[in-house]
Amino acid sequence: MVSGSQRKYYMLGGKGGVGKTSCAASLAVKFANHGHPTIVVSTDPAHSLSDSFDQDLSGGGLVSVQGVDSPLYALEINPEKTREEFRSASENGEGGVKSLMDSMGLGMLANQLGELKLGELLDTPPPGLDEAIAISKVMQFVDSQEYSKFRRIVFDTAPTGHTLRLLSLPDFLDASIGKMMKLKKKLSSATAALKSAFGKGEPQLDGNDKLEQLRERMVKVRDLFRNSETTEFVIVTIPTVMALSESSRLCASLLKEKVPVRRLIVNQLLPPSESDCKFCAMKRKDQMRALDMIKKDSELAKLKLIESPLIDVEIRGVPALKFMGDIVWR
Ligand SMILES: Nc1ncnc2c1ncn2[C@@H]1O[C@H](COP(=O)(O)OP(=O)(O)OP(=O)(O)O)[C@@H](O)[C@H]1O
């Protein structure tokens, strides 16, 4: 994971509370200490990156993380704010066409836009929309010249359900935005014909450009998720039957969506001990049974298994993350 200077993206995901943030933050520290300028981004609406780094990262911008050898920046994305941006871009698009059509006395025709139910989509956004927009926003800025020095981008994603829905979202948005744009194009060429007939010149549809930009970004996110040369989705789980069953389903869905998955981290394994109490002995037996399940699972058995022990202190701050990273990311 640390070799090569080409930019790589790592997405860490799994059930809530299994240790995604600790694993993502420790991986980011590892990259920075191996000479890679790195950005770690949380797109989980319930952020815990600040707690993990023991530093306030909530400002919505990039914050420099201290105590590592190469530049490491962290970012917690505000999902509410990104959704508002999406809403205003789309509303401008729709409003732009509507007011133009109204001015031409074709308001009735503009109402056909309503049939595409974009307004409804924005009033009740499908789960995962915030995260898709958040990731697309990150993509937009990390692609700029200013950020070209960053070689590793680590995403701490929202719990499983969201991630799964997020995967099909770019396709869904691509299709619905595409449909809307097609209709707008038709409408605008109709009004253009009318305008030129009445000598008013070409109409200007600024909103369309914004919408097209958004659509392009969504397509970019979808492609990024599927690029096996640059991207890897790491599943984080714990050794319980329930968590592993969910990880298996996540793995199947990711592979179905052609997202590259190669590693499975089983976190919080009780380390072996000579002087086991009854509780620990039982607990470890239970965990071993769950681990056996991996070997028999048609999805999980294909992945490289990383065993991460339950550490006897809370993983908080750069030194603790480095300690955890040296165990997990060997
Ligand atoms: N291997 C470990 N050993 C000891 N403590 C751990 C380990 N992994 C995680 N923890 C602790 O478990 C708690 C939850 O971890 P973390 O926030 O990384 O999980 P998460 O999956 O990101 O949670 P959420 O879904 O709520 O964001 C934290 O207090 C963290 O310090």
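Only the coordinates and a few stated rules stand behind these numbers; no lab work does. Note that the coordinates shown come from a computational prediction; the quantities given were computed from them, not determined experimentally. Note: ideal-geometry Cβ built from the backbone for every residue, glycine included; neighbour counts use all protein chains shown.
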> For the range 241-330, rounded, prolate or oblate, judged on the Cα gyration tensor with a ≥ b ≥ c (square roots of eigenvalues), a/c < 1.5 rounded, else prolate if a/b > b/c?
Replying inline: oblate
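Say R0 is 51 Å: what FRET efficiency, to the nearest 0.05, do residue 273 and residue 69 get from their beta-carbon distance?
Working: r = 34 Å, r/R0 = 0.67.
With R0 = 51 Å, the Cβ-Cβ based efficiency is 0.90.
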>> Among 33, 77, 45, which residue has its Cα furthest toward the positive end of the charge dipole of the range 25-80, with +1 on Lys/Arg Cβ and -1 on Asp/Glu Cβ?
In response: 33
> Which of rounded, prolate, oblate describes the range 228-280, given a ≥ b ≥ c as roots of the alpha-carbon gyration tensor eigenvalues and a/c under 1.5 marking rounded, otherwise prolate only if a/b is larger than b/c?
Replying inline: oblate
>> I need the semi-axes of the equivalent ellipsoid of the range 1-76: take the C-alpha gyration tensor, multiply each eigenvalue by 5, square-root it, list largest first in whole angstrom.
In response: 19, 15, 11
> Using modelled backbone amide H atoms (1.01 Å from N, in-plane), which distant-in-sequence or interchain residues come within less than 5 Å of residue 155's amide H?
Replying inline: 10, 11, 12, 41
>> Could you derive backbone 3J(HN,Hα) for the range 2-17 from the dihedral phi with the Karplus parameters 6.51, -1.76 and 1.60 (θ = phi - 60°), listing whole Hz in sequence and x where the residue is Gly or Pro?
In response: 8, 7, x, 9, 5, 5, 10, 10, 10, 10, 10, x, x, 4, x, x
> Spin-label point model (7 Å from Cα, Cβ direction): what's the residue 304 to residue 6 distance in nm?
Replying inline: 1.6 nm
>> On a 21 Å Cα-Cα criterion, which of the cross-link pairs 8/220; 8/304; 220/258; 15/149; 15/256; 149/256 come out too long?
In response: 15/149; 149/256
> Fewest to most neighbouring Cβ within 10 Å: what's the order for 270, 12?
Replying inline: 270, 12
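Kindly state, to the nearest 0.05, the FRET efficiency for residue 285 paired with residue 182, given R0 = 45 Å and r defined as their beta-carbon distance. Don't skip to the end; give the middle numbers.
Numbers: r = 60 Å, r/R0 = 1.34.
It comes to 0.15.
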> Which ³J(HN,Hα) values, rounded to whole Hz and listed in residue order, are derived for the range 55-63 from phi using the Karplus coefficients 6.51, -1.76 and 1.60 in 6.51 cos²θ - 1.76 cosθ + 1.60 with θ = phi - 60°, glycine and proline given as x?
Replying inline: 8, 6, 10, 7, x, x, x, 6, 10
> Sequence-distant or interchain residues sharing an amide H contact under 5 Å with residue 306, placed H: which?
Replying inline: 264, 265, 266
> Given a Förster radius of 41 Å and the C-beta distance between residue 296 and residue 326 as r, what FRET efficiency does 1/(1 + (r/R0)^6) yield to the nearest 0.05?
Replying inline: 0.85
